[in-house]
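Following: one structure in structure tokens, then a few remarks.
Throughout, read-outs are computed from the coordinates displayed, never taken from laboratory work. Keep in mind that what you see is a predicted model, and the values were worked out from it rather than measured. All Cβ positions, even for glycine, are placed from backbone atoms using ideal geometry, and neighbour counts span all protein chains on display.
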Amino acid sequence: MRTAGPAFPALNASRYVPQFPGTLGGVVRLNLRQILSVLDFYAALVFSVAATAYRLQSGSTEPEAFPISALLVGLALSTCAQCQFGLDSSLSRYHLFPLPGWKILLAKDIALLLVLWILVLPLHVRAGLAFGLVALAIGRYPSLVLRVPQQRWRFTSGNLRFGILQVVMGTVFGVAEYQRGPYFFVPRLFYTFSPYFFGGRYWDRMDQI
């Protein structure tokens, strides 16, 4: 059964995703196309455009408004971190790439973080990416183990328990990054790199795709 696409195919942003160089380029491109085919991205885009317009048009604004706006953008994309394999009919395609598990996960994360970085660039990059990194770390388990199937041109659906953790911990680390960034260097390294170690080991031990 074919999944319905957008009414105007020319407006499908995933059609314009270029090929990326390097060994991870193909996987990054594939996952960028997947992100651009779910409504979470367009909700985050609306938040980003609205906050950017407010910043450009307002003469005097509260400086805390833009980190909070960046966190809202990260929140709109956070469920995607739980569903990184939800649009894949199977995982067999990834075995066509001569890559270990942690690099597959890294490529998927690069795609999501690239989208997030572009959307929070006019707002507050550090706070937005801090939220995104935490969302990816917490979403690693449901994305690999639960693998809830998703539909294109719908909002992604994740696990509520992990969603609450993403919101709470992402907000905590995002605000901390904005207020006291240099003091969170070690925790930032942990929640950035630990998901690749544990997730990569799980991927490599999977018996069935």
Computed P(r) (all Cα pairs; region 14-205; 5 Å bins; percent): 1, 8, 16, 20, 21, 15, 10, 5, 2, 1, 0, 0
Given charges at beta-carbon only (K, R positive; D, E negative), |dipole| of region 14-205 in Debye: 520 debye
Proximal charge balance of Gln150 [Cβ under 15 Å; K/R count +1, D/E count -1]: +3
Residues Asp88, Asp40, Asp109 arranged by fewest to most Cβ contacts within 10 Å: Asp88, Asp40, Asp109
